[in-house]
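Before any comments, here is the structure.
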Amino acid sequence: MKKILALAGLVVLLAAALWGSTLYSQPVRDRVLDTIDVQHTGDGTVIRIGLTIPVRYIRHYPYESGNELRVKVLPFDVRSDDRDALHRRESLVPPDEDPPELMEVIYEGDIDGGPFLTLLFDHEVHYEVEQGRDSRSIVVHLLPVTPREETATDAGYSGQ
């Protein structure tokens, strides 16, 4: 009987220790960038950049086109355990097949005026940027280039 009580006491002690450690240990995210989701549509390509924290889209530049796009975001409602990741720099590279023009997405939390999401393309693209439907994504629409724009750009004419 004493052995059973001792064993039961040990089980209760171990259970309490395990419960206490899971109660106070919360996972700390060490990344802000989560996913790159690419969808090809009849109207171009949609790039959804998923984030591990909620952000608000503030602005982007250049406004309509370029081979580098910088999107200013404002993180909000970030848990204290996740705040260290806000001041870092990290990047994601899309899968080889999607889209061929996107080379890299960079989160820049370590520069003045930031944080920014920077998208690097292998050539100039036309785009529109918006807040995702959830607060944890930014959506970039790559717009198709019309034949007239393509011809003018290829000839070195910028329309100005």
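What follows draws every value from the coordinates through simple rules; no lab data is involved. Values in this document were obtained by computation on a predicted structure and should not be read as measured data. A quick note on method: Cβ atoms are made from the backbone with ideal geometry, for glycine too, and the neighbour counts reach across all protein chains shown.
Miscellaneous remarks
- When the charge dipole of the range 33-146 is built from unit charges on Cβ atoms (+1 for Lys and Arg, -1 for Asp and Glu) and taken about the Cα centre, the candidate among Thr41, Ser91, Pro75 whose Cα reaches farthest toward its positive end is Pro75.
- If the chain linking Ser65 and Gln39 were pulled fully straight, counting 0.36 nm for each residue of separation and taking away their Cα-Cα distance, it would gain 7.4 nm.
- Rounded, prolate or oblate (a/c below 1.5 giving rounded, otherwise prolate when a/b exceeds b/c) for the range 33-146 by Cα gyration tensor: prolate
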